[in-house]
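Report on the structure given below.
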Amino acid sequence: MLAAAAFSARAQVVPSAYSDKGISITVGGMGSIFQPDYEGASITTQFSTTYLCTGLTGVYCIPAAQDSKYPLLGVGAYVDVKYNRWVQIEAEGRWLRFNQYWNISQDNYLIGPRVPIRRFWKAQIYGKALWGKAKMTFPPIFQDPTTLQPAGRIGFTDLAFGGGADIKLSRRFSLRLPDVEYQYWPKWSNATLKPYGASVGIGYKIF
């Protein structure tokens, strides 16, 4: 009887030992505020082929990075895929389209590893390193030299580093508060761009 009881207890304990393993997927939405690192400034030159200055014949405009007094606001979505405790992937899309100044907006489409750092209370603190594409709309002063139309939305390589905390609200829902992110666009105009910002959101664990 003792042996049978021990076997039965072992049979009950083993599954719980593996309960934190296996694939899980969480999807969520978020609101963001970002410093775009650009306020519309430009340098004029006659020795470039990037953007023509609208209304100025033979003069080219080169965008110049600078802190903006007009932070961009937007919405986004994210997907976290957890294979096990140490192998996790995050993908996110963000559309910063509100509080625009002079038609400037930025979008991000990123994916990369997410690393759990520490669990504190109901919060999982994490770090992340993402890579992907950013798209930016320039002010109307910038004109495409090939079409002579406004430059429109231009794509750039985007590297992002950051982290945050996911606070468990229930078995399915979690609060992302906050998620901070520093971006590095290595080839933007004739320099680099370094937007940064923070997001808050709600996640739902599908399984």
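The values are calculated or read from the model by the stated rules, or taken from the named source; none is laboratory data. Model, not experiment: these values are computed from the prediction. Virtual Cβ from ideal backbone geometry, glycine too; neighbours counted across all protein chains shown.
Here are a few things to note about the model shown:
- Given (1) in a loop (DSSP other than H, G, I, E, B); (2) in contact with a strand residue (DSSP E or B) (Cβ under 8 Å, 6 or more places away or on another chain); (3) at pLDDT below 95; (4) over 19 Å from Ile23 (Cα atoms), index of the condition Arg85 fails: (4)
- Taken as a whole, the condition of being out of contact with any helix residue (DSSP H, G or I) (no Cβ under 9 Å at 6 or more places or on another chain) and within 30 Å of Ile43 (Cα to Cα) applies to Gly155.
- Within the stretch 152-170, residues that are without any contact (Cβ under 8 Å) to a residue 40 or more places away in the chain and over 30 Å from Trp102 (Cβ atoms) have Cβ atoms under 6 Å from residues that are of a type in the set (D, E, K, R) and part of a strand (DSSP E or B) in these pairs: Gly164/Asp179, counting only partners at least 6 apart in sequence or on another chain.
- Filter pass, Asp67 being in a strand (DSSP E or B) and either at pLDDT below 95 or not hydrophobic (A, V, I, L, M, F, W, C) (or both): no
- Of all residues in the stretch 125-160, those that are crowded, with 16+ Cβ neighbours inside 10 Å and more than 23 Å from Thr49 (Cβ to Cβ) total 7.
- Of the residues Asp144, Asp80, Asp166, the single one that is within 17 Å of Ser189 (Cα to Cα) and of a type in the set (Asp, Glu) is Asp144.
- Residue among Trp102, Trp95 that alone is at positive phi and either under 16 Å from the mean Cα position of the chain (by Cα) or in contact (Cβ under 8 Å) with a residue 40 or more places away in the chain (or both): Trp102
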